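Please read the structure below before turning to the comments.
Each reported figure results from applying straightforward, stated rules to the coordinates on display, with no laboratory input. All values reported here derive from a predicted model rather than from experimental measurement. Please note: Cβ atoms are built from the backbone with ideal geometry, for glycine as well, and neighbour counts cover all protein chains shown.
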DNA sequence: ATTAAAAAGTTTCCATGGATACTAAAGATT
DNA sequence: AATCTTTAGTATCCATGGAAACTTTTTAAT
């Protein structure tokens, strides 16, 4: 049984779906003056609470230059605070402001509504299995990228 | 049983995976002077054989302005030919050149290798089910976007 | 037939994000 | 201690892609 010939079709669909979601996500976040990638950085900061800028690069596997710009933007928008680390003057601590937490809540509300609406058409029983599959894919791909980096 | 609370997690993972694949896809296609989106347009044209530019917009659900630019680029690279439609002078027919077909073959080879390597870490037995899930998601999301458009 | 509306593409503007080179601080090496 | 290397982050360059305004052709309405 050689199912590996399905690989390009699966990857193709993941790419297509990812693109659709990203574009739709951008539209939905428009009122907040954020796009989907910026939101994902922001979300991660709030989730972790206090995090080094460097760690964000590893967590999300984005370019550090990109993260730098997003951080600047979030700071300007007063959604996060950036403080110099004591021990290492090169590195920064990122954490949420109150305004940031409030904004996140509003974003999440709209985001979740959207997500539920879009997945509402899928049989609920399938969702846990889907999640399992995606979790596995995510961790495998992350691994591959990290190994490629070295 | 309310599994719909999984929705944001599933969408989040799809976004994350999509991003990783897109960035990696861009890197892999670099030698061909194409990025992942341009490739997907190109691939669709070759797959269909002869297609109206307008239909490409519907098939891939991209902005027509974007498609216009990609088409121009592909034409400049001599991968496709663009001919004015006889009946309707506003619309164009897109089709592959020989160079285009050769280039696509080379791309696909590298692309498929990459795909197989990345999915090689997944249990083969799961792939058909994954594909089924993704196909369903893809069609549901496409529907949602189209309805939103109207 | 004339005017109005829609449709197919293009152009232009601008924020975005990847790549590269750079700065400054920290760690390693001699 | 002085020099070399690595590391965290920034600045700069440039192709990309979304949004909106625009052109031209086609279709609809009066």
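Here are the numbers:
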quantity	calculated
Shape of the range B:101-150, Cα gyration tensor, a/c cut at 1.5	oblate
Average beta carbon contacts from partner chains per residue of A:116-126, 10 Å cutoff	6
In range of the label at residue A:83: residues from the range A:51-67 whose backbone nitrogen is under 19 Å from the point 7 Å along Cα→Cβ	A:51-56
Chain A: equivalent-ellipsoid semi-axes (sqrt of 5 x gyration tensor eigenvalues, Cα, Å)	31, 22, 13
Cα centroid of the range A:29-70 to Cα centroid of the range A:81-98, whole Å	14 Å
Estimated FRET transfer efficiency when R0 is 45 angstrom, pair residue B:102-residue A:108 (beta carbons, to 0.05)	0.40
Inter-site label distance for residue A:121 and residue B:91 at 7 Å from Cα along Cβ, in nm	2.4 nm
Order by protection proxy (mean Cβ within 10 Å, highest first), peptides B:62-69, B:7-14	B:7-14, B:62-69
Crossing angle, helix A:36-48 versus chain A [Cα axis fit, 0-90 degrees, rounded to tens]	70 degrees
Over chain B, relative contact order from alpha-carbon pairs under 8 Å, at least 6 apart, %	17 percent
Prolate/oblate/rounded label for the range B:62-150 (Cα gyration tensor, a/c 1.5)	oblate
Label 7 Å beyond Cα on the Cβ vector: residue A:86 copy-to-copy distances, nm	8.1
Computed helical MRE - 222 nm, chain A, DSSP H runs ≥ 4 contributing -39500 (n - 2.57), nearest 500	-23000 deg cm²/dmol
Burial ranking of peptide ranges A:131-137, A:34-40 (average Cβ count within 10 Å, highest at the top)	A:34-40, A:131-137
Across the identical copies, how the residue B:26 labels are spaced - nm, sorted shortest first, 7 Å along Cα→Cβ	1.2
Pairwise FRET efficiency - residue B:148 versus residue B:55, Cβ, R0 = 25 Å, nearest 0.05	0.80
Crossing angle, helix B:127-149 versus chain B [Cα axis fit, 0-90 degrees, rounded to tens]	60 degrees
Beta carbon of chain B nearest to the axis of the rotation taking B to A, residue and angstrom distance	B:18, 1
Ascending list, in nanometres, of distances separating the residue B:117 label from those of the other copies (7 Å, Cα toward Cβ)	4.1
Tilt relative to chain B, helix B:7-29 - C-alpha long axis, 0 to 90 degrees, to 10	40 degrees
Kirkwood estimate for the protein assembly as shown, i.e. one over the average of 1/r between Cα atoms, Å	21.0 Å
For the range A:23-72, average projected area of the Cα convex hull in nm²	3.5 nm²
